[in-house]
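No value in this document is a laboratory result; all are computed from the given coordinates. All figures in this text were calculated on a predicted structure; none of them were measured in a lab. All Cβ positions, glycine included, derive from the backbone under ideal geometry; neighbour counts span all protein chains shown.
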Amino acid sequence: MGKLIYSAHTSADGYTVDATGSFDFTAPDEEVHGFVNDRERGVGTYLFGRRMYETMSVWDSWDTTTEPRVVQDFSTIWSRANKIVYSRSLHAVGTRNTRIEREFVPDHVRALKESSREDLGIGGAMLAGEALRAGLVDEIQLFLSPVMVGGGTRALPDDARLTLELLDETRFASGVVYLRYRVAP
């Protein structure tokens, strides 16, 4: 059975994007990027909301041959994974191994977890919020950047109360801190 893992890069005050929609403050350096790659290797399927999918879809067409090794590595990780995009407005997808689902149905995700040999990743704060409220998320992995942006899209929903158990923490030279939590049942 696969675990459903929510991974998010955030500001220190908990936002994935700022009030203008920018997430440039979360851009990882090579050390963090390599660490992220190692976490993502075990993910066989990604669940995305439309906006996160559109942001990530660049990895499908980007020629990374002249990019640093960590970028090339993530491109390979992304390409091999299956992707499910939850959207009512998206009519077609332009990436490999991708399908659209019109509704987020918790029972369908539960069945996907039970039948999966690999872990599942969920991306996008709104979709992850739905999964957290439905009790589907097994782990939360946060990469906190050393910046406060004062507003935007929160990484974690306001209306979910969960008990978390700290499993791991890592500090990087850039000031980014990684926190890995298990969501208590």
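Which loop-located trypsin sites (Lys or Arg not before Pro) does segment 77-125 contain, where loop means any DSSP state but H, G, I, E or B and the Cβ has at most 11 other Cβ atoms within 10 Å? Mind dumping the intermediate values first?
Details: sites: Arg80, Lys83, Arg88, Arg96, Arg99, Arg102, Arg110, Lys113, Arg117; in loops: Arg88, Arg96, Arg102, Arg117.
Here the trypsin sites (Lys or Arg not before Pro) that fit, given the DSSP loop and packing criteria, are Arg88, Arg102, Arg117.
Where does each of Trp59, Trp78 land when they are ranked from fewest to most other beta-carbon atoms within 10 angstrom? All intermediate terms of the calculation are to be shown ahead of the outcome.
Details: Trp59 17, Trp78 22.
Result, fewest neighbours first: Trp59, Trp78.
In the chain, once you exclude exposed GluC sites (Glu not before Pro) (DSSP loop, at most 16 other Cβ within 10 angstrom), what's the longest stretch remaining? The partial results should precede the final answer.
Working: sites that count: Glu103, Glu118.
Free of exposed loop sites, the longest segment is 1-102.
Which whole-number percent gives the relative contact order of segment 8-156, counting Cα pairs below 8 Å spaced six or more residues apart?
44
By its C-alpha gyration tensor, with a ≥ b ≥ c as the square roots of the eigenvalues, how is segment 82-132 shaped: rounded for a/c under 1.5, else prolate for a/b larger than b/c, else oblate? Walk me through the numbers before you get to the answer.
Working: a/c = 1.72, a/b = 1.24, b/c = 1.39.
It comes out oblate by the Cα gyration axes.
Shape call for segment 116-180 from the C-alpha gyration tensor, a ≥ b ≥ c root eigenvalues: rounded (a/c under 1.5), prolate (a/b greater than b/c) or oblate?
Numbers: a/c = 1.88, a/b = 1.25, b/c = 1.50.
The shape class here is oblate.
Would you work out which of Val93, Ile122, Thr76 lies farthest towards the positive end of the dipole of segment 60-150, given +1 charges on the beta-carbon of Lys and Arg and -1 on that of Asp and Glu, about the Cα centre?
After comparing all options, I get Val93.
So for Met126, Met148, Met1, fewest C-beta neighbours within 10 Å to most, what's the order? Write out the running numbers ahead of the final one.
Values: Met126 16, Met148 13, Met1 9.
Lowest to highest Cβ neighbour count: Met1, Met148, Met126.
Divide by every residue of the chain the summed helix terms, -39500 (n - 2.57) for each DSSP H run of at least 4, and state the resulting mean residue ellipticity at 222 nm, rounded to the nearest 500 deg cm²/dmol.
Numbers: 6 runs with 53 residues, N = 185.
Result for the chain, helices only: -8000 deg cm²/dmol.
Please report, in debye to the nearest 20, how large the charge dipole of the chain is about its Cα centre when each Lys and Arg carries +1 at its beta carbon and each Asp and Glu carries -1 there.
The calculated dipole for the chain is roughly 580 debye.
Please compute the Cα-Cα pair-distance distribution of the chain with 10 Å bins starting at 0, giving whole percents from short to long.
Spelled out bin by bin, the chain gives 9, 36, 41, 13, 0 percent.
Give me the dipole magnitude in Debye, nearest 20, for segment 1-87 about the Cα centre, with unit charges on the beta carbon: positive for Lys and Arg, negative for Asp and Glu. Write out the running numbers ahead of the final one.
Values: 8 positive and 13 negative charges, 115 e Å.
The calculated dipole for segment 1-87 is roughly 560 debye.
Exposure proxy check: Tyr6, Tyr53 ranked by fewest other beta carbons within 10 Å? All intermediate terms of the calculation are to be shown ahead of the outcome.
Details: Tyr6 27, Tyr53 24.
So the ranking, lowest neighbour count to highest, is Tyr53, Tyr6.
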